Amino acid sequence: MLVGVCDFPGSYAFPPVGYGGIERWLWAVAVGARAAGADVHLLGPGWLTDLENDWVRRPVRLEDITAGSLAERELRDTGYDLLVVGHEYPSLPAWTRTWSELDCGVATFQHSPVFQHADASFDGKRSRLYCYSSEMIERYAEHQPITELAVHLGLDEEEPPATAGTDLVWLGRIDEDKVPHIAVRAAQILGRRIRIVGPVFDKEYVRRHEDLFGAEHVEWVGELGGTAKTAAIAEASVFVYTYARGYVEAGAAVFGESLRAGTPMAALTWREGTCAQAALCNETGAVAVVDPREDDETAQAALCNETGAVAVVDPREDDETAARRLAGSIQQAEDLDHRRVQAVGTQRFDPVRHFQTMATRPC
């Protein structure tokens, strides 16, 4: 099988170190495809040039190819079976015109909760859109999406054997959408230290919560990549995941990163059907929806599974209530076996399995 993994114009390198969403996913698919025995070409000029020592790299983008040109004939004669792309491409007329000349499938993953695809971009067979959660499946139902957990990889981020860590960790972009201040408050309630890892996207948001972010139990680490990023996750006892009430998470990379590192997760979510439930409970146990009318003992007793604990909080509740619910989830997650978490996470977020799923066309 011959697979072309296509870059797209963007500000991050392919593959990225540290931050990046679609870029990390495309790299994971390339790695998984080759590990599964496929031949892989990296298409587009965005891929790091030093990859040429180990990969077939063709710096061409389909949308730049002229109809009937030698470049189009060479691309067609190459004989790709599958192209894997960022979710914008199947809605780009210039790209789809060239793709229509090739006898191959195309697969992409929905990394944005708001991007609007062109009509008939996907048929669910030759052109396939994959979505992480039931929430995302519902949002993109008209495009016949297929449920699948996204796998992301960065450079030099191989996970060491699982160990029981110490402090809590929160990782992501720091802004109003991700609300890390709730994680900081949950850690404070428990009397625990928490490390905040990631780039600051919204300085005003940080300023509004400076009393929490400046507290003694908080360590600001900044953005990390490679082995340092993996170590920050692996050395934590629990990964704390948060996001804002109105925000829709298309499929965060941190779920796979944390579970493959053997670090259980405590996730705050405001409704059912999100990527937190999809990542932490699929094939391993049941998720309890925490009704805010329940007493804390009843709610927390129902939260444990093999990979983490999910607290579903009524969005009408205030941040303090959410933080207390999250603190309960942290306590539940901390009792989980790190080795079992890693075993489940490695299987669930395996690049080879992920590629094989996408490479198999539905009947």
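Being polar (S, T, N, Q) and either over 25 Å from GLU157 (Cβ atoms) or part of a helix (DSSP H, G or I) (or both) is the filter here; which residues of the range 226-237 pass it?
Matches in the range 226-237: THR227, THR230.
Is there a residue being closer than 22 Å to THR163 by Cα, crowded, with 24+ Cβ neighbours inside 10 Å and at pLDDT 80 or above anywhere in the range 280-298?
Within the range 280-298 (the criterion being closer than 22 Å to THR163 by Cα, crowded, with 24+ Cβ neighbours inside 10 Å and at pLDDT 80 or above), the answer is yes, since at least one residue qualifies.
Quick check, is ASP77 more than 24 Å from GLY251 (Cβ to Cβ), in a helix (DSSP H, G or I), modelled with pLDDT under 95 and not aliphatic (A, V, I, L, M)?
Here the answer is no, as ASP77 does not meet what is asked.
Which condition from (1) under 23 Å from GLU142 (Cα atoms); (2) in a loop (DSSP other than H, G, I, E, B) is the one that ASP103 breaks?
(1)
Of the numbered conditions (1) open to solvent by less than 20 Å² (accessible area, probe 1.4 Å); (2) closer than 25 Å to ILE146 by Cβ; (3) aromatic (Phe, Trp, Tyr); (4) in contact (Cβ under 8 Å) with a residue 40 or more places away in the chain, TRP47 satisfies every one except a single condition; which is it?
Of everything listed in (1) open to solvent by less than 20 Å² (accessible area, probe 1.4 Å); (2) closer than 25 Å to ILE146 by Cβ; (3) aromatic (Phe, Trp, Tyr); (4) in contact (Cβ under 8 Å) with a residue 40 or more places away in the chain, TRP47 misses just condition (2).
Sort out which residues of the range 354-363 are part of a helix (DSSP H, G or I) and either hydroxyl-bearing (Ser, Thr, Tyr) or surrounded by fewer than 17 Cβ atoms within 10 Å (Cβ to Cβ) (or both), and write them in order of number.
At the first step, the residues of the range 354-363 found to be part of a helix (DSSP H, G or I) are 354-359.
Listed by number, the residues that qualify are GLN356, THR357.
Among the residues of the range 69-82, is there at least one that is of a type in the set (A, V, I, L, M, F, W, C), more than 20 Å from GLY124 (Cα to Cα) and buried (at least 17 other Cβ atoms within 10 Å of the Cβ)?
yes
When residues of the range 243-277 are filtered for being among the small types (Gly, Ala, Ser) and not in a loop (DSSP other than H, G, I, E, B), how many remain?
5
Only one of GLY214, GLY226, GLY191 is under 22 Å from the mean Cα position of the chain (by Cα) and either in contact (Cβ under 8 Å) with a residue 12 or more places away in the chain or over 27 Å from ARG340 (Cβ atoms) (or both). Can you tell me which?
GLY226 is the lone residue from the list that is under 22 Å from the mean Cα position of the chain (by Cα) and either in contact (Cβ under 8 Å) with a residue 12 or more places away in the chain or over 27 Å from ARG340 (Cβ atoms) (or both).
Filter the range 142-172 for residues that are within 20 Å of the chain's Cα centre (by Cα) and small (Gly, Ala, Ser); which is farthest from ALA327 (Cα to Cα)?
Residue satisfying both the conditions and the ranking: GLY154.
Given the conditions (1) out of contact with any His (no Cβ under 9 Å at 6 or more places or on another chain); (2) over 17 Å from GLY44 (Cβ atoms), which single one is not true for PHE115?
Here PHE115 meets the rest and fails (1).
When the range 318-353 is examined, which residues are found to be under 30 Å from VAL5 (Cβ atoms) and outside any helix (DSSP H, G or I)?
Answer for the range 318-353, where residues must be under 30 Å from VAL5 (Cβ atoms) and outside any helix (DSSP H, G or I): PHE349, ASP350.
Where residues in the range 3-43 are aliphatic (A, V, I, L, M) and part of a loop (DSSP other than H, G, I, E, B), which of them is surrounded by the fewest Cβ atoms within 10 Å (Cβ to Cβ)?
Of the range 3-43, the ones aliphatic (A, V, I, L, M) are 3, 5, 13, 17, 22, 26, 28-31, 33, 35-36, 38, 40, 42-43.
From what is left, the residues that are part of a loop (DSSP other than H, G, I, E, B) are 13, 17, 36, 38.
Details: ALA13: 15, VAL17: 19, ALA36: 17, ALA38: 17.
Taking the candidates together, the pick is ALA13.
Could you identify the single residue in VAL60, VAL29, VAL17 that is β-branched (Val, Ile, Thr), under 20 Å from ASP156 (Cα atoms) and out of contact with any Phe, Trp or Tyr (no Cβ under 9 Å at 6 or more places or on another chain)?
None of the other options fit; the residue is VAL17.
Can you tell me which residue is nearest to GLY20 (Cα to Cα) among those in the range 187-225 that are assigned to a helix (DSSP H, G or I) and open to solvent by 70 Å² or more (accessible area, probe 1.4 Å)?
LYS203
Quick test for you: out of CYS275, CYS304, pick the one residue that is within 20 Å of VAL240 (Cβ to Cβ) and either among the polar types (S, T, N, Q) or at pLDDT 90 or above (or both).
Going through CYS275, CYS304 in turn, the sole match is CYS275.
Could you pull out the residue among ARG316, ARG324 that is at pLDDT below 90 and farther than 25 Å from LEU149 by Cα?
Residue meeting the stated conditions: ARG316.
Pairs needed: first member in the range 316-340, under 12 Å from VAL240 (Cβ atoms); second member anywhere, assigned to a loop (DSSP other than H, G, I, E, B) and at pLDDT 90 or above; C-beta distance under 6 Å; at least 6 residues apart or different chains.
Once the first residue is under 12 Å from VAL240 (Cβ atoms) and sits in the range 316-340, its partners that are assigned to a loop (DSSP other than H, G, I, E, B) and at pLDDT 90 or above give ALA333/PRO264; GLU334/SER237.
The values are calculated or read from the model by the stated rules, or taken from the named source; none is laboratory data. Please read these numbers as outputs of a predicted model, since none were measured by experiment. With ideal geometry, Cβ positions are generated from the backbone for all residues, glycine too; neighbour counts draw on all protein chains shown. The area values use the complete protein model at the heavy-atom level, side chains included, leaving out ligands, DNA and RNA. Shrake-Rupley method; radii C 1.70, N 1.55, O 1.52, S 1.80 Å.
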